[in-house]
Amino acid sequence: MKRLRFYLNLYRAFLRSSLVREMEFRANFWAKVLFNLLWLGFFLATLKIIYRHTEAIAGWREPEALVLAATLYFLDALISTLFYFGLSELPTMVRQGTLDFVLVKPVDSQFWLSLRRVNLDQLGSLVVAVLLGIYALLRLGYMPSLTNILLYMGMIVMGVLMFYSFHFMMMTLSIWLVRVENLWVLSDVFAQIGRFPTDVFDAVLRRIFTYVLPVAFLATIPAKALLGKASGGFLLVAAGWALAFFVAGRLFWQFALKSYTSASS
């Protein structure tokens, strides 16, 4: 319990530090919020153009596609807020030797690297994603049950954990490689595939993207869960994948540290 309290207090310190950082550059903060909103607007405009020529794509009507878009935007905002940019700095820290200062801190290095930087400029995006989802449900004339909402939120948590672990493993490769800033592209490919409803693929790829490379759990299955089209069994599958990814990432990090050579060596 004392250890847990220590980490909670440390995370609160990270939040305060992130807030101070954002408020020092308020114009930049609002510019990033505006940019994110413009990106969403462009995405929705593209979706609108597509649905002007068809009523459904792979069984997804426009309001249902909006639920999927809201899920994507919400997940992306969570990822960007919680850990993405902080972890993406790991290759630079390895190359410059500043990782040394992290490893000597009396705190778990994975915790510090993952959560020290909170991007609060994404909070506006989170709100917009929620409003977009509510709008889509109103257009459908559908009110999800509490069970479906809880199932949806559980799927989102599992999706974030899966992407976090995958991205962390990609960044950990910088322990052995030299200039690997573009490793984030591999994580982005993982996310980009998840942006498409898996129903657009054939049966073989749908199974692969669900049970082999589980990108379906990033958006498609959570959106279906909210719409009442996915059973609770998928949450167990998602939890299994999330746990497997997290443990693999943890073990991979500990293995990588054995090969890490301090900049002072």
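The values are calculated or read from the model by the stated rules, or taken from the named source; none is laboratory data. Quick caveat: nothing in here was measured; it's all calculated off a predicted structure. Cβ sites come from the backbone with ideal geometry, for glycine too, and all protein chains shown count toward neighbours.
Things to note:
- Checked against (1) part of a helix (DSSP H, G or I); (2) touching a helix residue (DSSP H, G or I) at 6+ places or on another chain (Cβ under 7 Å); (3) without any contact (Cβ under 8 Å) to a residue 24 or more places away in the chain, L66 meets all criteria but (3).
- Residues considered: V20, V33. Of these, the only one that is at pLDDT below 75, out of contact with any strand residue (DSSP E or B) (no Cβ under 9 Å at 6 or more places or on another chain), assigned to a helix (DSSP H, G or I) and among the β-branched types (V, I, T) is V33.
- Filtering L131, L75, L123, L138 for residues that are part of a helix (DSSP H, G or I) and surrounded by 18 or more Cβ atoms within 10 Å (Cβ to Cβ) leaves a single hit, L75.
- Boolean, A238 is within 12 Å of M162 (Cα to Cα) and part of a helix (DSSP H, G or I): yes
- Tallying residues that are of a type outside the set (S, T, N, Q) and surrounded by 12 or more Cβ atoms within 10 Å (Cβ to Cβ) within the stretch 7-33 yields 14.
- Pairing each residue of the stretch 16-38 that is in contact (Cβ under 8 Å) with a residue 40 or more places away in the chain with any residue that is of a type in the set (V, I, T) and surrounded by 12 or more Cβ atoms within 10 Å (Cβ to Cβ), provided the two are 6+ apart or on different chains, yields C-beta distances under 6 Å for S18/V118.
- Selection count where residues are in contact with a strand residue (DSSP E or B) (Cβ under 8 Å, 6 or more places away or on another chain) and either part of a helix (DSSP H, G or I) or hydroxyl-bearing (S, T, Y) (or both), scope the stretch 195-235: 2
- Whichever residue in the stretch 228-239 is in contact with a helix residue (DSSP H, G or I) (Cβ under 6 Å, 6 or more places away or on another chain) and of a type in the set (A, V, I, L, M) and, among such residues, is surrounded by the fewest Cβ atoms within 10 Å (Cβ to Cβ): A239
- Which numbered condition R52 fails, given (1) among the basic types (K, R); (2) surrounded by 11 or more Cβ atoms within 10 Å (Cβ to Cβ); (3) modelled with pLDDT of 80 or more: (2)
- L40 vs. criteria surrounded by 13 or more Cβ atoms within 10 Å (Cβ to Cβ) and either in a helix (DSSP H, G or I) or among the aliphatic types (A, V, I, L, M) (or both): yes
- Any chance Q110 is touching a residue at least 24 places away in the same chain (Cβ under 8 Å), farther than 22 Å from F25 by Cα, part of a helix (DSSP H, G or I) and under 20 Å from the mean Cα position of the chain (by Cα): yes
- The sole residue among S88, S80 that is touching a His at 6+ places or on another chain (Cβ under 9 Å) and polar (S, T, N, Q) is S88.
- Verdict on V94 being touching a Gly at 6+ places or on another chain (Cβ under 8 Å), of a type in the set (A, V, I, L, M, F, W, C), at pLDDT below 90 and in a helix (DSSP H, G or I): no
- Contact map, the stretch 150-172: residues that are farther than 16 Å from V215 by Cα paired with residues that are crowded, with 24+ Cβ neighbours inside 10 Å and of a type in the set (G, A, S), Cβ distance under 9 Å, separation 6+ or inter-chain. Pairs shown: L151/A225.
- F42 under 19 Å from Y11 (Cβ atoms) and either within 21 Å of the chain's Cα centre (by Cα) or of a type outside the set (S, T, Y) (or both): no
- Within the stretch 193-207, residues that are more than 17 Å from M162 (Cβ to Cβ) and touching a residue at least 12 places away in the same chain (Cβ under 8 Å) have Cβ atoms under 8 Å from residues that are among the hydrophobic types (A, V, I, L, M, F, W, C) and in a helix (DSSP H, G or I) in these pairs: P197/A65; P197/L68; P197/A223, counting only partners at least 6 apart in sequence or on another chain.
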